[in-house]
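Structure first, then comments.
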Amino acid sequence: MNLVFDWAWLPQLGRGLVLTVELTAACMALGALGGLVLALLRVYARGWLSPLYALASAYVHLFRGTPLLVQLMIVHFGLPNVGIVFTPFVSGLVAMALNTAAYQAEYFRGAIQSVKAGQMMAARSVGLTRLQAIRHVIIPQALRLVIPPWSNELIYMLKYSSIVYMVGAADLMGVGRTIAAKNFRFLELFLVVAAIYLAVVLLLTLTMRWVEKRLRVPGLGTSGRGA
Amino acid sequence: MPLLRVEDLHKRYGTEEVLRGVSLTVVKGETKVVIGPSGTGKSTLLRCINRLTEPDRGRVWLGDTEVTGKGTNLNRIRSQIGFVFQDFNLFTHLTALDNVRLGPLRVKGLGKKEATERAMAELARVGLADKAGAYPAELSGGQQQRVSIARALAMDPQLILFDEPTSALDPELIGEVLGVMVKLAEEGMTMIVVTHEMGFARSVADEIVFMERGVIVEQGSPEKMFRSPEVARTGDFLRKISELYGDAA
Amino acid sequence: MTLEAWSQLWPKVPVLLQGLVVNLELLAGLLSLGLVIGVAVALVEVYAPRPFRALALAYEWFFRGVPELVLLFLFYFGPSQFGVDISAFLAAVLALGFRSSAYQSQIFRGAIQAISPGQSLAARSLGMSRLGVIRHVILPQALRLSLAGWSNEFSSVLKDTTLAYGIGVVEVMRQARYLTARNFPLALPAFIVVALMFLILTYAGNWGIGLLERRLRVPGLEARG
């Protein structure tokens, strides 16, 4: 057999890649916001706030304990049952953001808890309120500590975003599959698609390493989704 | 014929020559104690003898088998030379009994019953029969080192090499290990012991070897080495080490 | 979503469970394959000469860098272009198994490197062969030390078995889609039930691994850091 590749496929794949990148970027940003709030609730919501702690914990367990694909199916095919209808892209974004928020919450929580207890005490002793201490002392340190696991999560979500083709989004995977089916050239297309994903993963790895180095503070040492 | 013959061993790590031509012989039943400042190649010498470290040059014979020979069955040779490490190196996942039994079972190919009997006997020999079921982490340093001696004994070796066996121990635990070694020497076990324990060297050694910077400076009976060393450096070292460890003189 | 939808779904639950059994078969297959290859790759990375090590690292890099769905398609459609037909189930076991091996090898490599080198030296001094040392000294410890990391990998690949839906394996997602394609109002309850199944399996699995971990625990042998 011989491998066939048509250069005209590349611009189409490029458009798919753009959608993949947009999806990943948006879900990571939303997930970071949600994750940080969830993490703060899981670490600090005590006393009269403890129902919020319970809620945040339940959310994290629920979303980490079930497959992202099932979550996507619920959003895209399930929610219309109650009158909520999204486009494929929005369904993908909603499911991915909800999912990654739960994982990011755990990374943020780990980072917050590895900031030494003395830091909070020192901040309070200077006269900062609890909220000020969290905002100006704890979070800036935690954000730096969270970079390595967060980078892993970013790459994980980039790869996992490929599931959105299953609800009809034209991401890199979806475009590749459509071209493959039309020309009956599966091996070629998926090799190219694999190569493109690998290249982006490599680029992201290097970028995040650079970011980590840039933001490094002496003495502030550092954990990700296992797989 | 000597049991062990070492001829002109050389070993270099990068630019540093750790052994610069060491030769010695050990006869059956002899206890030879190797002393000398840290970093003078004593441990390297021991490791070169059973080739845990590969020497650059020189030859070693055990009986009439050349250890350094090309076609030598190294695993067979090693099973006949016991080795006791400074930091014990017991197998973390195995009980004391299993640590001692592993060699007889997997290297000598004894049956389970026989290996167990052998291992229990060796544990009794070092006074630890009651600790057979304990894991290394549940034993004191002294007990761990005695298990590691039992592990070496269970192979029924022709000689045992001790590499600073008490250096990693708290002072109060040194005695129990030296006690076992004294008993072995009395029973006629052939041993080479690298140590800073001058009391042991004086009372147990048949011969003391003083090494410095990769060569043997002087060797002789404890009597001669402590009373009238021929080389000034030997006397200096012995005085200093005795002050440090508060023994001998 | 009405009560009626739930009552319609109830008699269909056995069909979903049938699908779930396929996920579990997939899981068993891919974890075993991943375990065997993962251990081998880790051993190569630690003990083999440099060129082999580089090869093993490249293998790891490829299978970790490519999305699972792309791997599934490569393994399912790739061979057919060479005239080899492969079942969707087998393709899924292979694709997900190789991928898992790339993650598992990292876990094992870390565990192997956490064992003090003195123990290998001691075993060698008893006259044990290199393979004997790996078998009797290194692996029993490394496998225990790996359990914590392995439990993460288990949770992760359990959920990933649903991706086999993409190449047409008739597992639980596919069964749920069949149900809901014929009866649209069933979608929400059906997928919620599937989610619950995975939630239960995830926690049951991790509980089981935790139990195993406690049973195999040896004093002084714990994963550090």
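For helix C:172-182, what angle does its Cα long axis make with the longest principal axis of chain C, in degrees from 0 to 90 and rounded to 10?
Around 10 degrees separate the two axes.
Put +1 on the Cβ of every Lys and Arg and -1 on every Asp and Glu Cβ in chain A; which of A:Thr87, A:Gly118, A:Trp150 then has its Cα farthest towards the positive end of the dipole?
Positive-most Cα among the choices belongs to A:Gly118.
Using a 1.4 Å probe on the protein heavy atoms only, what accessible surface does C:Tyr178 show? Give it in Å² to the nearest 10.
Probe radius 1.4 Å; accessible area of C:Tyr178 about 110 Å².
With every protein chain kept in the model, how would you rank A:Arg209, B:Arg118 by accessible area, 1.4 Å probe, largest at the top?
Largest accessible area first, the residues go A:Arg209, B:Arg118.
For helix B:171-186, what angle does its Cα long axis make with the longest principal axis of chain B, in degrees from 0 to 90 and rounded to 10?
The two axes meet at around 90 degrees.
How far is helix C:13-47 tilted off the main Cα axis of chain C, in degrees rounded to 10, range 0 to 90?
Long axis of C:13-47 versus the principal axis of chain C: about 20 degrees.
Go through the range A:108-194 and name the chymotrypsin sites (Phe, Trp or Tyr not before Pro) that are in a DSSP coil and have 13 or fewer other Cβ atoms within 10 Å of their Cβ.
For chymotrypsin sites (Phe, Trp or Tyr not before Pro) across the range A:108-194 that sit outside H, G, I, E and B with at most 13 neighbouring Cβ atoms in 10 Å, the list reads A:Phe184.
Given a 1.4 Å probe and the protein chains all in place, what does the accessible area of B:Lys240 round to, in Å² to the nearest 10?
130
For chain B, what is the mean residue ellipticity at 222 nm derived from helices alone (per DSSP H run of n ≥ 4: -39500 (n - 2.57); sum divided by total residues; nearest 500 deg cm²/dmol)?
Details: 9 runs with 96 residues, N = 249.
After summing the helix terms and dividing by residue count, I get -11500 deg cm²/dmol.
Can you give the percent of C-alpha pairs in the range B:185-229 whose distance is more than 11 Å?
Tail of the P(r) past 11 Å holds 69 percent of the pairs.
Which of the trypsin sites (Lys or Arg not before Pro) across the range C:27-115 are loop residues per DSSP, with 14 or fewer other Cβ within 10 Å?
Of the trypsin sites (Lys or Arg not before Pro), not one in the loops of the range C:27-115 has a Cβ with at most 14 other Cβ atoms within 10 Å.
Please go through the residue pairs B:Lys28/B:Lys113; B:Lys11/B:Lys70; A:Lys116/A:Lys159; B:Lys42/B:Lys131; B:Lys32/B:Lys113; B:Lys11/B:Lys32 and name each one whose alpha carbons sit more than 23 Å apart in this structure.
Checking Cα-Cα distances, B:Lys28/B:Lys113; A:Lys116/A:Lys159; B:Lys42/B:Lys131; B:Lys32/B:Lys113 exceed 23 Å.
Calculate the FRET efficiency for B:Glu243 and C:Ser80 from the Cβ-Cβ distance with a Förster distance of 60 Å, rounded to the nearest 0.05.
The formula returns an efficiency of 0.15 here.
About its Cα centre, what dipole magnitude does the range C:3-215 give when the only charges are +1 on Lys and Arg Cβ and -1 on Asp and Glu Cβ, stated in debye to the nearest 20?
Numbers: 16 positive and 10 negative charges, 117 e Å.
Here the size comes out at about 560 debye.
Using 7 Å Cα-to-Cβ label points, what is the B:Arg227/C:Arg215 separation (nm, one decimal)?
It works out to 6.7 nm between the two label points.
Per-residue mean of other chain beta-carbon atoms within 10 angstrom of the beta-carbon, peptide B:81-94?
Numbers: counts 3, 2, 5, 2, 5, 1, 3, 3, 9, 5, 11, 13, 16, 7.
The shielding value for this peptide is 6.
From the convex hull of the Cα coordinates of the range A:9-214, what is the mean projected area in square nanometres?
13.9
What FRET efficiency do you get for B:Met1 and B:Arg76 if R0 is 22 Å and r is their Cβ-Cβ distance, rounded to the nearest 0.05?
0.70
Please state, to two decimals, what the Cα-based radius of gyration of the range C:3-215 comes to when divided by 2.2 N^0.38 Å (N = residues).
With N residues counted in the range C:3-215, Rg over 2.2 N^0.38 Å equals 1.23.
Using a 1.4 angstrom probe on the protein heavy atoms only, could you order A:Ile84, A:Ile179 from most to least accessible area?
Working: A:Ile84 70, A:Ile179 10 Å².
I get A:Ile84, A:Ile179, largest accessible area first.
Let me spell out the model: positive unit charges on the Cβ of Lys and Arg, negative unit charges on the Cβ of Asp and Glu, origin at the Cα centre of the range A:9-214. What dipole size does that give, in debye rounded to 20?
Roughly 580 debye, rounded to the nearest 20.
If you take the square roots of the eigenvalues of the alpha-carbon gyration tensor of chain B and sort them as a ≥ b ≥ c, do you get rounded (a/c under 1.5), prolate (a/b over b/c) or oblate?
The shape class here is oblate.
Per the 1.4 Å probe, what fraction of the accessible area of the range C:3-215, in percent, lies on carbon and sulfur atoms? Walk me through the numbers on the way to the answer.
Numbers: 6120 of 8940 Å².
In the range C:3-215, the share of accessible area belonging to carbon and sulfur is 68 percent.
What do you get for GluC sites (Glu not before Pro) in the range B:203-248 restricted to DSSP loop and a cutoff of at most 16 other Cβ within 10 Å of the site's Cβ?
Answer by residue number: B:Glu230.
Rg over Rh of the range A:124-227, using C-alpha atoms and the Kirkwood radius, what does it come to?
My calculation puts Rg/Rh at 1.21.
Given the C-alpha atoms of the range C:30-151, compute the convex hull and give its volume per residue in Å³.
117
For B:Glu54, what accessible area in Å² do you get when you roll a 1.4 Å probe over the heavy atoms of the protein chains, rounding to the nearest 10?
Answer for B:Glu54: close to 90 Å² accessible.
Convert 20 °C to kelvin, take the viscosity as 1.002 mPa s, use the Kirkwood radius over C-alpha pairs of the range B:98-158 as Rh, and evaluate the Stokes-Einstein diffusion coefficient in µm²/s, rounded to a whole number. Please list the in-between numbers first.
Details: Rh = 11.3 Å.
Value of D from the Cα-based Kirkwood radius: 190 µm²/s.
Sorted from largest down, give the three principal axis spans of the alpha carbons of the range B:42-162, whole angstrom values.
Answer, in whole Å and largest first: 44, 31, 23 Å.
Shielding of A:149-158 by partners, i.e. mean partner chain Cβ atoms within 10 Å per residue?
1
Take every residue in peptide A:25-34, count the Cβ atoms of other chains within 10 Å of its Cβ, and give the average of those counts.
Mean inter-chain Cβ contacts per residue within 10 Å come to 0.
Is the shape of the protein assembly as shown rounded, prolate or oblate, going by the alpha carbon gyration tensor and its root eigenvalues a ≥ b ≥ c, with a/c under 1.5 for rounded and a/b larger than b/c for prolate?
Prolate.
Quick check for me: using +1 on Lys/Arg Cβ and -1 on Asp/Glu Cβ, what's the dipole size of the protein assembly as shown about its Cα centre, in debye to the nearest 20?
1340
The values are calculated or read from the model by the stated rules, or taken from the named source; none is laboratory data. Everything numeric here is computed off the predicted structure, so don't read it as measured data. Glycine gets a Cβ as well: all are built from the backbone with ideal geometry, and neighbour counts include every protein chain shown. Ligands, DNA and RNA are stripped out before the accessible areas are found, and what is left, the full protein with its side chains, is counted by its heavy atoms. Shrake-Rupley method; radii C 1.70, N 1.55, O 1.52, S 1.80 Å.
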